[in-house]
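Data first, discussion second: the structure below is written as structure tokens.
The values are calculated or read from the model by the stated rules, or taken from the named source; none is laboratory data. Quantities reported herein were computed from a predicted structural model and do not represent experimental measurements. Counting neighbours? That spans all protein chains shown, and the Cβs are built from the backbone with ideal geometry, glycine included. Surface accessibility is based on the protein's heavy atoms, side chains included, excluding ligands, DNA and RNA. Shrake-Rupley method; radii C 1.70, N 1.55, O 1.52, S 1.80 Å.
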Amino acid sequence: MIKREEKHSLQGQPLLQFNQAVRSVFHQYTTFKGRARRSEFWWFVLFEFIVCFIASSLDAVIINFIYRKFGFLYKGSVGILTLIVFLGLLLPGLAVLWRRLHDTGRSGWYYLMIFVPVILSTVLSFFSTVGSIFFGVLGLVCGVILLAFCCLDSQPGENKYGSSPKYIHSEIDS
């Protein structure tokens, strides 16, 4: 009896398109489990940027119109449309980042490494300029590290967060 050798290879799926990625993220609006491909994450980041830019521009037009028409000067730092868009995109953006970290084999809790230095920098700004600057720079470094994690390729195969959405297993007969 001749044994057949089976070899396994990993084949990458085609990149997600812009509309597929945005639809996927909104379909998993608050899903923090599982994995997200690089293309899904970065297309959604682009979508967030575009929508926030449009909302901010509309806020500027509205605020300018109100000032010219009624003489009322808005002294807030963020317009109402921008705030609504930000709050609406906060959870899906955080969830896709969480899943992206899972896809690289890291816990989603790595996201919090930005907040500790930023919070410490904010608190220390009331007491010490040097401490505030130190933790501000540390927060920036942590942000760059997190950005690098999001740029890494997917872990092939299955990891503790689930199977890879990018790579599929195929058997090759020899």
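I'd like to know if the stretch 107-124 contains one or more residues that are among the hydroxyl-bearing types (Ser, Thr, Tyr), within 24 Å of Glu40 (Cα to Cα), in a loop (DSSP other than H, G, I, E, B) and touching a residue at least 24 places away in the same chain (Cβ under 8 Å). No, every residue in the stretch 107-124 fails to be among the hydroxyl-bearing types (Ser, Thr, Tyr), within 24 Å of Glu40 (Cα to Cα), in a loop (DSSP other than H, G, I, E, B) and touching a residue at least 24 places away in the same chain (Cβ under 8 Å).
Figure legend. Inter-residue proximity from the stretch 58-73: first residues within 18 Å of Ile84 (Cβ to Cβ), second residues of a type in the set (A, V, I, L, M) and assigned to a helix (DSSP H, G or I), beta-carbon distance below 8 Å, spacing 6+ or different chains. Indicated pairs: Leu58/Leu81; Asp59/Ile80; Asp59/Leu81; Ile62/Leu81. Take the conditions (1) under 23 Å from Pro165 (Cα atoms); (2) in a helix (DSSP H, G or I); (3) open to solvent by less than 60 Å² (accessible area, probe 1.4 Å); Gln20 misses just one of them, which is (3).
Which residues, taken from the stretch 125-154, are assigned to a helix (DSSP H, G or I) and among the aromatic types (Phe, Trp, Tyr)? Correct list: Phe134, Phe135, Phe149.
Within the stretch 30-66, the set of residues being out of contact with any Leu (no Cβ under 7 Å at 6 or more places or on another chain) and small (Gly, Ala, Ser) comprises Gly34, Ala36, Ser56, Ser57, Ala60.
Out of everything in the stretch 26-44 that is part of a helix (DSSP H, G or I) and open to solvent by less than 50 Å² (accessible area, probe 1.4 Å), what residue ends up being nearest to Thr82 (Cα to Cα)?
Step by step, filter the stretch 26-44, then rank; the result is Phe44.
Out of Gly139, Gly157, Gly143, Gly131, one residue alone is open to solvent by less than 30 Å² (accessible area, probe 1.4 Å), among the small types (Gly, Ala, Ser) and at pLDDT 90 or above. It is Gly143. With respect to the conditions (1) modelled with pLDDT of 85 or more; (2) surrounded by fewer than 17 Cβ atoms within 10 Å (Cβ to Cβ), Ile168 falls short on a single one, namely (1). All of (1) more than 30 Å from Gly157 (Cβ to Cβ); (2) at pLDDT 90 or above; (3) of a type in the set (S, T, N, Q) hold for Thr104 with one exception: (1). Considering each residue of the stretch 155-172 in turn, none proves to be part of a helix (DSSP H, G or I) and not aromatic (Phe, Trp, Tyr). Looking across the stretch 72-103 at every residue that is open to solvent by less than 20 Å² (accessible area, probe 1.4 Å) and within 10 Å of the chain's Cα centre (by Cα), the one that is farthest from Leu58 (Cα to Cα) is identified as Leu101. Screening the stretch 55-71 for residues that are open to solvent by less than 50 Å² (accessible area, probe 1.4 Å) and touching a helix residue (DSSP H, G or I) at 6+ places or on another chain (Cβ under 6 Å) and picking the one that is nearest to Ala148 (Cα to Cα) gives Ala55.
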